[in-house]
Amino acid sequence: MSLHAAVRRQLGPLHLDVEFTVRPGELLALLGPNGAGKTTVLRALAGLEPLDQGRIEIDGVVVDEPAADVFVSPEQRGVGVVFQHYALFPNLTVLENVAFGLRARGIPAADARRRATAWIDRVGLGDHALHKPGALSGGQAQRTALARALATDPRLLLLDEPLAALDAGTRATVRRDLRHHLASFDGMRVMVTHDPVDAFALADHVAIIEAGRVVQTGTFAEITAHPRSRYVADLVGVNLVHGDVVGGVLTTATGALVVIADAADGPSFAVLRPHSLVLVRDRPLGTSARNTWTGTIADLDRIGDRVRVHIESELPLTAEITNEAFDALALRPGDTIHASAKATDIEVYPA
Amino acid sequence: MLAFAGVAVLFFALPLLGLLWRAPWSKAWTYLSDHDSLTALRLSLQTSLWATALSIVFGVPLAWMLARSTFPGRSALRALCTLSMVLPPVVGGVALLFALGRRGVVGQWLYRWFDYQLPYTTAAVVVAQTFVAMPFLVITVEAALRQLDRAPEDAARTLGASRWYTFRRVTLPAISPALAAGAVLSWARALGEFGATITFAGSYPGTTQTMPIAVYLARETNPEQSIILALLMIVISFAVLVSLRDRWFGAADRVGVSS
């Protein structure tokens, strides 16, 4: 009773090759930048796009496997979908929208109406049952889409960017509502999002998808504690360095050296936290810091009482300093700067 | 600019004014209630409505195929199916004769097996009108299908709706303004059809002599009646155009609201 998906499909230049498993009652978020192929994975699960290769198995039933010539059409899959812009039927009322799937399955009108009404009440839209989608707010439209998808008792619920269509002011409230309503559905759920806040708030597990591949899976805490991709590192706001460790020194592909404290040899990731980097105008001579990289300032970002300094060197780095330090150093883009870090401040884990 | 626009308006208004000027208003009712006029009018309405119905029944699936499927030669197929819009109608009529006439490619078999001759019957009028009118519906509906947001159709499929149920309850309501506009355009074209009809169906009063043909023939024998019949056609066409304009604006409004 779970979902096993191996989705392989060529999307122009992008080769999508994504594998994951969702256990009963679990909500997996596919998180990644736009254009990574996340929505295509969701459409493949729903049967709206066929696989080139791979296999999708829902509750022990194979619904798509090109090698075995198996393809179950979307109307036969029992997969509910909440589409990105909700895709409500504009000519039908909220009640008719929610009853649509039941009517399409040949359930008599009165029965469908009764069951749809129960769902509408459950998502708190009782007052809007006879309204057309055009008269609904973003949050109400989302709840209608959710009720419509759940009314047919799907085995699997898919949500495509469920909060992306909302403005910032209502997102937090709608997100809280959505979490509440999703908790009442005990089936498997897969959500696609480019927003880590949504993934953090709603998902049990997260799969990071970049350029058509899963680069990291785990709980949100596991993923952010040990980033394994540039995307996650940027999310968390740390410098991620990939390279080979030999005898306590990590060498990157471009030849930059990072001295680290006690780590096993082999391919590894190193995390340099921006606030642990020390910036110095003149090259430091007597210092306990084992690492010093010299570069030029590419860009400056002011964030509250901190300034993030982006440095171009053989090892591209971002450092975070206080406003006071920034004023004292009088930094300008183009200036030469030395960044140093203690070996013990650098976290290293195997790649 | 304004002067040229004024000339253009005059260009369209003058012929109408000419008809109004020469119209025998005192005898208008007599001519209109004349048996021959009524017969032509009734025949025109009947055949043009049949042609519209056939255009919808066959044109919507054709538009759907052109909009939704990809196959080699689709552009050529679209050109073929809309050729009669640009073809001189008389040429269309001649082509229909060669296809469906007693010695035509298909017509000879109809004649041999069923002893049936299509040309010069009321059915031939409907065929000629459908031939020239259907493309107007096809291109209007195809454009609407192409611009349609596909997500609601996808949603319907995931909810368990078959392709046909999805088409009926989701796609068709969404394109209904375009379908209505296309149907009105087709009907107007069928109502005004002259060349293909007279070539393929002739002009037998009561069976194939439609209003435009009656106007043309009456010009020789009874010019006054011709003017009254022409004015009646103008009134009908004008009403169609005005209603169509509202349709188009209505459709534009709906698009604006949903986007």
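Computed from the coordinates by the stated procedures, all read-outs in this text should not be read as laboratory data. Source: prediction; values computed, not measured. FYI the Cβ positions are ideal-geometry reconstructions off the backbone, even for glycines, and counts take in every protein chain you see.
Placing unit charges on the Cβ atoms only, positive for Lys and Arg and negative for Asp and Glu, gives the range A:160-251 a dipole magnitude near 100 debye about its Cα centre. Give the angle, between 0 and 90 degrees and rounded to the nearest 10, that separates the Cα long axis of helix A:138-150 from the longest principal axis of the Cα atoms of chain A. Once rounded, one gets 60 degrees.
Listing A:283, A:306 from fewest to most neighbouring C-beta atoms within 10 Å gives A:283, A:306.
Would you calculate, for chain A, the mean residue ellipticity at 222 nm contributed by helices, counting each DSSP H stretch of 4 or more residues as -39,500 (n - 2.57) and dividing by all residues, to the nearest 500? Could you put the intermediate results ahead of the total?
Values: 10 runs with 94 residues, N = 351.
Theoretical 222 nm ellipticity from helices: -7500 deg cm²/dmol.
Its DSSP H runs of at least 4 residues, each contributing -39,500 (n - 2.57), put the calculated 222 nm mean residue ellipticity of chain B at -26000 deg cm²/dmol, to the nearest 500.
Give me B:60, B:132 sorted ascending by neighbouring Cβ count inside 10 Å, so fewest comes first. Walk me through the numbers on the way to the answer.
On the way: B:60 22, B:132 25.
Ranking B:60, B:132 by Cβ neighbours within 10 Å, fewest first, gives B:60, B:132.
Among beta bridges identified by DSSP and lying wholly in the protein assembly as shown, the antiparallel ones come to about 75 percent. Using the alpha-carbon centroid of each, what span in Å lies between the range A:1-72 and the range B:54-69? Their Cα centres are 33 Å away from one another.
Suppose every K and R has +1 on its Cβ and every D and E has -1 on its Cβ; what is the size of the dipole of the protein assembly as shown about the Cα centre, in Debye to the nearest 20?
Working: 54 positive and 54 negative charges, 469 e Å.
Around 2260 debye, computed over the protein assembly as shown.
Neighbour counts of other Cβ atoms within 10 Å put B:226, A:288 in the fewest-to-most order A:288, B:226. If you take the alpha carbon atoms of the range B:51-166 and fit the smallest convex hull around them, that volume is 139 Å³ per residue.
Taking the Cα centre of the range B:101-174 as origin and assigning +1 to Lys and Arg Cβ atoms and -1 to Asp and Glu Cβ atoms, the resulting dipole is close to 180 debye. Each of A:109, A:163, A:130 was placed along the dipole of the range A:100-193 (beta-carbon charges, centred on the mean Cα), and the one lying farthest toward the positive end is A:109.
Quick one: Cα convex hull volume of the range B:195-238, Å³ per residue? Show your work: numbers first, answer last.
Details: hull volume 3.2 nm³, N = 44.
Here the figure is 72 Å³ per residue.
The string of couplings for the range A:73-88 from the Karplus curve (6.51, -1.76, 1.60, θ = phi - 60°) is 5, x, 6, 9, 7, x, 10, x, 10, 9, 7, 4, 9, 6, 6, 6 Hz, one whole number per residue in order, with x for Gly and Pro. Normalised by residue number, the volume inside the convex hull of the Cα atoms of the range B:88-259 is 148 Å³ per residue. Computed over the Cα atoms of chain A, the ratio of the radius of gyration to the Kirkwood radius (Rg/Rh) comes to 1.09. A Gaussian network model of chain A, with springs between Cα atoms under 10 Å, assigns the largest mean-square fluctuation among A:199, A:110, A:233 to A:110. A simple rule links phi to the HN-Hα coupling: the Karplus curve 6.51 cos²θ - 1.76 cosθ + 1.60 with θ = phi - 60°, which for the range B:113-120 gives 8, 10, 6, 10, 10, 7, x, 6 Hz, with x for Gly and Pro. Peptide A:87-96 has a mean shielding of 4, counted as Cβ atoms of other protein chains within 10 Å of each residue's Cβ.
Karplus-derived 3J(HN,Hα) values for the range A:184-193, using 6.51 cos²θ - 1.76 cosθ + 1.60 with θ = phi - 60°, are 7, 9, 9, x, 7, 9, 10, 10, 9, 8 Hz; glycine and proline are entered as x. Treating each Cα of the protein assembly as shown as an identical point scatterer and summing with the Debye formula, the log10 of I(q)/I(0) at q = 0.06, 0.08 Å⁻¹ comes to -0.55, -0.80. The Cα center of the range B:121-193 and the Cα center of the range A:118-181 differ in position by 33 Å. Backbone amide hydrogens, once placed in the peptide plane, bring residue A:218 within less than 5 Å of A:206, excluding anything fewer than 5 places away on its chain. Candidates B:237, B:182, B:166 compared by Cα position along the dipole of the range B:88-259: farthest toward the positive end lies B:166, with charges placed on Cβ. Between residue A:269 and A:349, A:351, the built amide H atoms are under 5 Å apart, and every one of these is 5 or more places off in sequence or on another chain.
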